[in-house]
Amino acid sequence: MTEQKIFPAPSVDPETKEFWAATNENKLLVRYCNSCESYHHYPRTICPHCGSDDTSYKQASGTGTIYSYSVMRRAKEPYAIAYVTLDGMGISMMTNIIDCDFDALEIGQSVKLKFSPTTSDDVRLPTFTPA
Amino acid sequence: MSINGKAYIAGAFEHPVRNAVDKSLAQLHAECAKGALEDAGLTKDDVDGYFCAGDAPGLGPLALADYMGLKLRHVDSTETGGSSYLVHVAHAAEAIALGKCSVALITLAGRPKAEGMATGTAPRDYGASPDVAFELPYAPVITNMYGMCAMRHMHEFGTTSEQLAWIKVAASHHAQHNPNAVLKNVVTVEDVVNSPIIADPLHRLDCCVISDGGGALVVVSPEIAKSLKRPLVKVKGAGEAPKHQMGGRVDLTYSGAAFSGPAAFEEAGVKPSDIKYASIYDSFTITVLMQIEDLGFCAKGEGGNFVSDGNLISGVGKLPFNTDGGGLCNNHPANRGGMTKVIEAVRQLRGEAHPAVQVENCDLALAHGTGGSLGTRHGSATLILERE
Ligand SMILES: [Zn+2]
């Protein structure tokens, strides 16, 4: 087991503070548009698909698949950046795949949510690990 | 209403410097401006329109108009990253067509090398941009973002590292003739795939160079172009298109060139098979491959085959590209390759490229730029230029 990575804390603004507050309860919220009945990410008040402001958060199941990834080999501590497509939501989010064998990662691989600590006590970061 | 034939590129200049430790940023802009105006046979007092992007210091056109002593009636600081300067050519043509200016100066300069910037491996903080909180903690850098595009392309279409390597090989064949190129050695497919991986699946030699310097262009009205002594390079068509994550419906297999390309071809009234020379944005080998597909030089997914076996080498293949050595070998000033794309297209159309890489009867050229990141959000811009 490697030491748990502490991620840099994201900058929280008034529009996204509910999203980040939920991370401290290990919940991943995804913004849903009640008008066009579709999800989007990162969260906005006004739906980027249809322009409606009738949007609200729903909790993601926390499972998904790797859409694409790239292991940053030329870094002090190599890491795997990825887009993960969230099951049943039709959207992909940027994340890191953690606690994994970098050489065994594959596009299409199933992954599950695993929150990581950040430099802020108030915010955790949604990361993923092989399911 | 169209810009086809409404403006001409009369001046073009690429700064020969590649490490500008002894020059200021404003000085580089001004030296590029002077070079392009002298190339056109004009002076700064002829300039009435000025265009610059995010590489300019301070309040962009205000700071540099002050520094250079320009008296202007039209300014434009459209910022779409490395593709800005192709957009500027199109916007200059629009402004000239409407009579808002008649001599438009466009400059680019930067000194990432002198400043020791870790261009490819350090995350960039775009401040208050709304995406930053949801991306920056994961350490997206230029190389792993383009790496994700390449990984997906390989997954969907079977593209290989060897095929991508052919793009660098072609650029290096051209760069050997450019005395100013950062990398002048011809490399092989083996050299590329045996160079160290930076971010999967991109090797060091899949990446462009990091260099200081800059360039400038002068876009003028037809009347002024015809009064000058330079060959006539006409702006025939242009297209621009931002592409992004589409609210999370991420698709890394194509770029905004899929929109800017067809728009430019339609305005110019020509098709991809008519193009004799192409300047294609080459921050990475994968950038070139995706754009060649999106611009319609081959079908989506066929790019790997298309670029192989020297097909991009002047005098050898069907689509001579980046005959100055491109960003991959020659120059990527300010981490923004759009300006040099237009400059080499102008050289080709004038017959002023190096004789070893000059395309015969080069009367129709395309220049294409990508700014920002193909992995997140980027601005694509396409120009079609014709020698008259
Ligand atoms: Zn909607």
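The values are calculated or read from the model by the stated rules, or taken from the named source; none is laboratory data. Treat the numbers as computed from the prediction; the structure is a model and nothing was measured. Ideal geometry is used to build each Cβ from the backbone, glycine not excepted, and the neighbour counts take in all protein chains shown. Accessible surface is based on the protein model in full, side chains and every heavy atom, while ligands, DNA and RNA are left aside. Shrake-Rupley method; radii C 1.70, N 1.55, O 1.52, S 1.80 Å.
How much accessible area is lost when chains B and A come together, counting both sides, with a 1.4 Å probe, in Å² rounded to the nearest 100?
The B and A chains share an interface burying roughly 3100 Å².
Leaving out ligands and nucleic acids, and using a 1.4 Å probe, what accessible area per residue does the range B:1-148 come to in Å²?
Result: 38 Å² of accessible area for each residue.
Give me the net charge of A:S116's neighbourhood, meaning all other residues with Cβ under 9 Å from the Cβ of A:S116; Lys, Arg count +1, Asp, Glu -1.
That works out to +3.
Could you tell me which of B:H378, B:M339, B:N322 has its Cα farthest along the dipole of the range B:317-387 towards the positive end, charges placed at Cβ (Lys, Arg +1; Asp, Glu -1), taken about the Cα centre?
With unit charges placed on the Cβ atoms, the residue in question is B:H378.
Pick from B:A93, B:A133, B:A258: which is most flexible by mean-square fluctuation in a GNM of chain B where alpha carbon atoms under 10 Å apart are linked?
Highest fluctuation among the options: B:A133.
Three principal axis extents, largest first, for the C-alpha atoms of the range B:67-109, in Å?
27, 26, 11
Near B:K34, within a Cβ-to-Cβ distance under 14 Å, what is the net charge of the other residues, with Lys and Arg +1 and Asp and Glu -1?
Result for the local shell: -4.
If you take each beta carbon of peptide A:39-47 and count the beta carbons of other chains within 10 angstrom, what is the mean?
That works out to 3 on average.
Suppose every K and R has +1 on its Cβ and every D and E has -1 on its Cβ; what is the size of the dipole of the range B:7-102 about the Cα centre, in Debye to the nearest 20?
80 debye
With every protein chain kept in place and ligands, DNA and RNA left out, what is the accessible area per residue of the range B:266-387? Probe 1.4 Å, answer in Å².
Here the residues of the range B:266-387 average 26 Å² of exposed surface.
Determine by what factor the alpha-carbon radius of gyration of the range B:1-101 differs from 2.2 N^0.38 Å, reporting the quotient.
The value comes to 1.07.
Under a GNM of chain B (C-alpha, springs under 10 Å), which listed residue has the highest mean-square fluctuation: B:G371, B:G116, B:G261?
B:G116
If the limit is 23 Å between Cα atoms, which of A:K58/A:K112; B:K34/B:K71; A:K76/B:K168; B:K234/B:K276; B:K23/B:K229 go over it?
Distance filter (> 23 Å) returns A:K76/B:K168; B:K23/B:K229.
Please list the non-local residues whose amide H lies under 5 Å from the amide H of B:G11, H modeled 1.01 Å from N, same-chain partners needing a gap of 5 or more.
HN-HN under 5 Å from B:G11: B:V218.
Please give the charge dipole size of chain A, origin at the Cα centre, charges +1 on K and R Cβ atoms and -1 on D and E Cβ atoms. Round to the nearest 20 debye.
200 debye
What would the Debye formula give as log10 I(q)/I(0) at q = 0.19, 0.24, 0.26 Å⁻¹ for the alpha-carbon point model of the range B:222-266, no solvent?
Summing over Cα pairs of the range B:222-266 leads to -0.69, -0.85, -0.90.
Peptide B:240-247: average number of partner chain Cβ atoms within 10 Å per residue?
Partner Cβ neighbours, averaged per residue: 4.
Report the charge-dipole magnitude of the protein assembly as shown in Debye, nearest 20, computed about the Cα centre from +1 at each Lys and Arg Cβ and -1 at each Asp and Glu Cβ.
600 debye
If you check each cysteine of the protein assembly as shown for another cysteine whose beta-carbon is under 4.7 Å away, which ones come up empty?
Cysteines lacking a close Cβ partner in the protein assembly as shown: A:C100, B:C32, B:C52, B:C101, B:C149, B:C207, B:C208, B:C298, B:C329, B:C362.
Using only Cα atoms, what is the ratio of the radius of gyration of the range B:245-388 to 2.2 N^0.38 Å?
0.99
Can you list, bin by bin at 10 Å, the percent of alpha carbon pairs in the protein assembly as shown, starting at 0?
Result, from short to long distances: 4, 19, 28, 25, 16, 7, 1, 0 percent.
Which percent of the accessible heavy-atom area of the range B:222-303 goes to carbon and sulfur, probe 1.4 angstrom?
For the range B:222-303, the apolar C and S fraction of the accessible surface comes to 54 percent.
So, by mean Cβ neighbours within 10 angstrom, what's the order for B:282-289, B:107-114 with the highest one leading?
Ranking, from highest mean packing down: B:282-289, B:107-114.
Would you list the P(r) distribution for chain B, with all Cα-Cα distances sorted into 10 Å bins from 0 and each bin expressed as a whole %?
With a bin width of 10 Å, the distribution comes to 6, 26, 36, 25, 7, 0.
Output wanted: per-residue J couplings in Hz (rounded whole) for the range B:211-227, from phi through Karplus 6.51 cos²θ - 1.76 cosθ + 1.60, θ = phi - 60°, x for Gly and Pro.
Per-residue couplings from phi come out as 8, 8, x, x, x, 8, 9, 10, 10, 10, 6, x, 4, 5, 4, 6, 8 Hz.
When Rg is the radius of gyration of the Cα atoms in the range A:17-130 and Rh is its Kirkwood radius, what does Rg/Rh come to?
That ratio equals 1.00.
Once phi is turned into θ = phi - 60°, what whole-Hz ³J(HN,Hα) does the Karplus curve with 6.51, -1.76 and 1.60 give for every residue of the range A:6-20, x standing for Gly and Pro?
For the range A:6-20, the Karplus curve yields 9, 8, x, 6, x, 7, 9, 10, x, 6, 10, 5, 5, 4, 6 Hz.
Return the percentage of antiparallel bridges among DSSP beta bridges fully within chain A, rounded to the nearest 5 %.
If we restrict to bridges inside chain A, about 95 percent are antiparallel.
Let me know the mean shielding of B:379-388 by other chains, meaning the per-residue number of their Cβ atoms within 10 Å of its Cβ.
Averaged over the peptide's residues, the number is 0.
Using only Cα atoms, figure out Rg for the range B:158-265 and give it as a multiple of 2.2 N^0.38 Å.
Output field value: 1.48.
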